[in-house]
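The values are calculated or read from the model by the stated rules, or taken from the named source; none is laboratory data. Predicted model, so just to flag it, every value in this text is computed and none were measured. As a convention, Cβ positions derive from the backbone with ideal geometry for all residues, glycine included, and neighbour counts pool all protein chains shown. Accessible surface areas use protein heavy atoms only, side chains included; no ligands, DNA or RNA. Shrake-Rupley method; radii C 1.70, N 1.55, O 1.52, S 1.80 Å.
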Amino acid sequence: MNISIFGLGYVGCVSIACLAENGHNVTGVDVVAQKIDLINQGKPTIIEKDIDVLLETNWKKDRISSTQDFKQAVLDTEISIICVGTPSDVNGHLNLNAIYETAEQIGDALKEKDEFHIAIIRSTVLPGTNKKIGEIISERSGKKRNEGFAIVSNPEFLREGSAVKDYYNPPVTVIGTDNEKASKKIVEMYKGINAPFKETNIEIAEFIKYVNNSFHALKVSFANEVGNICKKMNIDSHELMDLFCMDTQLNLSPYYLKPGFAFGGSCLPKDLKAFKTMAHDFYLESPVLNSILDSNENQKNQALSLVLNQNKKKIGILGLSFKKGTDDLRYSPVVELAEKLLGKGFSISIYDKNVNVSKLSGTNKAYIDKHIPHLSELISDDLEKVINDSETIIISHNVPEFKDVNLRFPDKHFIDLVKVKDIKSSSNYEGICW
């Protein structure tokens with residue numbers, strides 16, 4: 001393929017070398033003359049392992065060139081990859097001027113081109129940028145999106161120091177587009193890349209990089225706070241975290257990483273408080289650890305607000321224990337939610353087939369007696385009765401019997417805290433954070 005790359009910084013330089021290595025003819029475009037000159041001499045614009053050899057080798061094969069003539073670059077290629085910078089301002093907002101200027105250049109060039117053209121956004125941008133770029137190109141070119149051109153969001157996952165390796169071995173190749181022809185073309189362009197392809201909607205493709213990098217930053221800060229506490233206790237923090245990383249079922253895994261309701265139970269809140277107390281006793285600042293419980297309380301308040309916004313007094317709760325398949329009510333966030341609603345004068349009906357009030361004992365019984373002392377009057381094993389007696393129904397357990405319950409009772413309003421599998425959206429349904 002003939003491909004043009006706008007922006008010869010880190011991502012652009014790596015992309016030129018790797019695409020050329022895969023047999024494509026690649027033209028770089030940049031406003032900085034020094035970068036143009038370097039590429040045209042077969043030299044990289046960055047310092048990065050293996051990039052110099054790849055670039056020089058493919059330059060000698062005449063697969064690589066560079067120019068400031070953006071119009072000719074677009075006219076001579078079928079795909080343009082946008083890799084220009086998106087720096088932050090002092091307030092954290094992205095400066096997308098270079099992105100929009102590149103879109104204007106591509107649009108101006110397409111005025112003179114009859115063939116279908118694909119623009120790929122590799123730069124890290126905010127959701128909505130793909131749409132804006134499409135509008136700019138359409139306005140400047142006089143062509144309609146998906147008739148004369150297509151826009152693809154294709155975020156990069158390159159780390160400095162291992163960018164070439166990461167290019168050929170990404171965790172996934174993300175393709176966000178509204179054009180099937182463009183999607184197939186991108187798959188063809190990346191032939192030989194060792195990664196699954198995931199086609200998704202454009203906004204998710206635009207947002208994923210921010211979620212990734214924020215989580216990476218969180219991991220660094222979490223590990224550092226653990227290390228600070230370990231040092232005070234004369235514990236080998238690296239050996240400890242090596243052990244932590246061996247758990248790929250819970251720790252380094254998709255488990256827990258699903259948006260939903262707050263955590264609860266007898267372990268997580270208790271152990272987190274103990275961990276925070278250790279840091280406090282050593283006079284250590286641990287802002288990440290300290291913020292976890294505050295964030296959890298915020299999610300509880302989010303659920304409460306959704307219920308209050310309905311202005312209905314009769315509330316049904318489907319699932320009371322802190323997780324499905326158990327009768328453990330200790331520190332259940334649903335119990336706390338029910339307690340707050342009762343305190344505000346709401347009428348509550350509860351369905352949980354695993355909770356038998358007469359069989360509760362020990363700390364489990366003591367906890368519920370303290371928070372909802374008249375539970376036996378509120379709970380039922382009749383799902384339909386609970387729903388029929390309520391106006392707003394809170395779903396807090398992800399179990400098959402709640403699937404599409406919103407469709408079976410169209411006159412009720414359902415608030416889903418767990419994203420019941422395969423439940424169908426409807427006007428009487430909303431999720432806590434979806």
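Points worth noting:
- Sorted into 10 angstrom bins from 0, the C-alpha pair distances of segment 85-138 split as 23, 51, 21, 5, 0 percent.
- Calculated Rg and Dmax of segment 268-419 using C-alpha coordinates, Å: 16.9, 56
- The 1.4 Å probe gives accessible areas that order SER80, SER65, largest first, as SER65, SER80.
- In segment 23-176, the inverse of the mean reciprocal separation of distinct Cα atoms equals 16.6 Å; this is its Kirkwood hydrodynamic radius.
- Loop-located trypsin sites (Lys or Arg not before Pro) in segment 90-172, at most 14 other Cβ atoms within 10 Å (DSSP): LYS111, LYS144, ARG159
- Using the Cα coordinates of segment 383-434, the gyration tensor eigenvalues translate into equivalent-ellipsoid semi-axes of 15, 12, 10 Å, sorted from longest to shortest.
- All C-alpha pair distances within the chain, sorted into 10 Å bins from zero, spread as 4, 17, 21, 18, 18, 14, 7, 2, 0 percent across the bins.
- For the chain, the mean residue ellipticity at 222 nm estimated from helices alone is -13500 deg cm²/dmol, where every DSSP H run of n ≥ 4 contributes -39500 (n - 2.57) and the total is divided by all residues, rounded to the nearest 500.
- Computed from backbone phi with θ = phi - 60° and the Karplus coefficients 6.51, -1.76 and 1.60, the 3J(HN,Hα) list for segment 114-126 is 8, 6, 5, 10, 10, 10, 10, 9, 9, 4, 7, 9, 7 Hz; x is used for glycine and proline.
- Model label sites at ALA33 and TYR100, defined 7 Å from Cα along the beta-carbon direction, differ in position by 2.8 nm.
- Separation in nanometres of the label points that stand 7 Å from Cα toward Cβ, at LEU308 and VAL357: 2.7 nm
- Sequence-distant residues sharing a close amide H with PHE414 (under 5 Å, placed H): ILE393, TYR429, GLU430
- Cα-only Debye scattering, segment 223-319: base-10 log of I(q)/I(0) at q = 0.13, 0.17, 0.21, 0.22 Å⁻¹: -0.63, -0.93, -1.23, -1.29
- Of all DSSP-defined beta bridges confined to segment 91-225, some 15% are antiparallel rather than parallel.
- Over segment 46-102, volume per residue of the alpha carbon convex hull, in Å³: 128 Å³
- Across the chain, the relative contact order, built from alpha-carbon pairs under 8 Å that are at least six residues apart, equals 9 percent.
- Within the chain, antiparallel bridges make up roughly 5 percent of the DSSP beta bridges whose residues both belong there.
- Summary value for segment 148-199: 42 percent relative contact order, contacts being C-alpha pairs under 8 angstrom separated by 6+ residues.
- Intensity falloff of segment 1-107 expressed as log10 I(q)/I(0), Debye formula with alpha-carbon point scatterers, at q = 0.10, 0.14, 0.19, 0.23 Å⁻¹: -0.26, -0.50, -0.87, -1.20
- For the chain, accessible area per residue (1.4 Å probe, heavy atoms of protein chains only), Å²: 52 Å²
- Close amide H partners of ASP76, meaning residues 5 or more places away or on another chain with modelled amide H under 5 Å apart, do not exist here.
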